[in-house]
Amino acid sequence: MASGDTLHLSDTDFEIHKVVVGDFDNNVFVLRCRHTGDAVLIDAANEHDLLLELASGLGVRKVLETHGHWDHIQAIPAMRNAGYSVGVTSEDAAMLDSYDELLEHDTVIEVGDLRLRTIKTPGHTPGSICFRLEGKPILFSGDTLFPGGPGNTSFDHSDFDTIITSIEDRLFAPLGADTLVLPGHGDDTTIGSESPHLQEWIDRGW
């Protein structure tokens, strides 16, 4: 696979590559620093052969999981066997067979010259986490925020009020309207496109 076939966004500092994998059409993103070649892969969801090829070609050194749901983690064993470190929050770690690093709230992950800021956003799962690219209006939202509303909270370990609080306080309040949201499934959106609809989501209850 040529890296140009997967390029989703770029500027002089970064590249974001995207592939869609598995039965649930999961988005897998690779964030790569254009100055150093260092890269991370976000959500090793499925189709491990494809992800290993992508990771090898783009200089990935680490896998970051937005949460522990099965459709987002199926390629983790193969990625770890190939030598890639896997990070997940402590609240979701038990959903994985194995991992290497626990991700905390409001910390910085260095990707070459780039900086990813972690934002814990519980609700979809107890340990859901988003990643904001510092200095750029870009957010990897996992299954916390989609075009049209929050992620599914019908699971036993999910909570609608919690995900609404996460979205309102940790995404809508601090992030600019132009922030591009790259979710775990489906198309990109922006904070400005979604934030006016918060009360509608609260009223409908999902």
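What follows is calculated from the coordinates using simple rules that are stated; it is not laboratory data. The structure presented is a predicted model; accordingly, all values stated were derived computationally and were not measured. Note that each Cβ is placed from the backbone with ideal geometry, even for glycine, and that neighbours are counted across all protein chains shown.
Report the longest stretch of the chain that contains none of the GluC sites (Glu not before Pro) sitting in a DSSP loop with at most 12 other Cβ atoms within 10 Å. If you can, show how the numbers build up before the last one.
Numbers: sites that count: Glu104, Glu134.
The reported range is 1-103.
Once C-alpha pairs closer than 8 Å and six or more residues apart are averaged by separation and normalised to the residue number of the stretch 3-204, the relative contact order reads 14 percent. Residues with beta-carbon under 11 Å from that of Pro122, excluding Pro122: net charge, scoring Lys, Arg +1 and Asp, Glu -1? It works out to a net charge of -2.
Result for the chain in a Gaussian network model with C-alpha springs under 10 Å: among Gly184, Gly83, Gly142, the largest mean-square fluctuation is at Gly83.
Counting DSSP beta bridges in the chain, what percent are antiparallel, to the nearest 5? It would help to have the intermediate numbers written out before the result.
Numbers: 32 of 46 bridges.
Within the chain, antiparallel bridges account for around 70 percent of the total.
Based on DSSP H segments of at least four residues, each scored -39500 (n - 2.57), the chain has a per-residue ellipticity at 222 nm of -4000 deg cm²/dmol. At R0 = 25 Å, how high is the FRET efficiency between Glu110 and Asp178 if r is their beta carbon distance? Nearest 0.05 is fine. Rounded to the nearest 0.05, the efficiency is 0.55. Once you keep just the Cα pairs under 8 angstrom separated by 6 or more residues, what percentage relative contact order results for the stretch 83-200? Averaging sequence separation for qualifying contacts and normalising by length gives 19 percent for the stretch 83-200.
For Ala75, the residues 5 or more places off, or on other chains, whose built amide H falls under 5 Å of its own are Ala45, Asn46. Our coupling estimate for the stretch 194-203, obtained by passing each phi through the Karplus curve with A = 6.51, B = -1.76, C = 1.60 and θ = phi - 60°, is 9, 4, x, 9, 4, 5, 4, 5, 4, 5 Hz, Gly and Pro reported as x. Quick one: among His185, His35, His67, which has the greatest mean-square fluctuation in a GNM of the chain with alpha-carbon springs under 10 angstrom? Comparing His185, His35, His67 in a Gaussian network model of the chain, the most mobile one is His35. Taking the alpha-carbon centroid of each part, what is the distance from the stretch 120-139 to the stretch 56-87 in angstrom? Here the two parts' Cα centres lie 17 Å apart.
Hey, what does the equivalent ellipsoid look like for the stretch 3-204, semi-axes from the Cα gyration tensor as sqrt of 5 times each eigenvalue, largest first, whole Å?
The equivalent ellipsoid of the stretch 3-204 has semi-axes of 25, 19, 15 Å.
Springs join every pair of Cα atoms under 10 Å in this Gaussian network model of the chain, and among Leu116, Leu50, Leu180 the largest mean-square fluctuation is at Leu50. When only the Cβ of Lys, Arg, Asp and Glu is charged (+1, +1, -1, -1), the dipole of the chain relative to its Cα centre reaches about 480 debye.
Under 22 Å from the Cα of Lys18, which lysines turn up, not counting those fewer than eight places away in the same chain? By straight Cα distance, Lys18 reaches Lys62, Lys136.
What does the charge add up to near Ala78, with Lys and Arg as +1, Asp and Glu as -1, over the other residues with Cβ less than 13 Å from its Cβ? Neighbourhood net charge equals -3.
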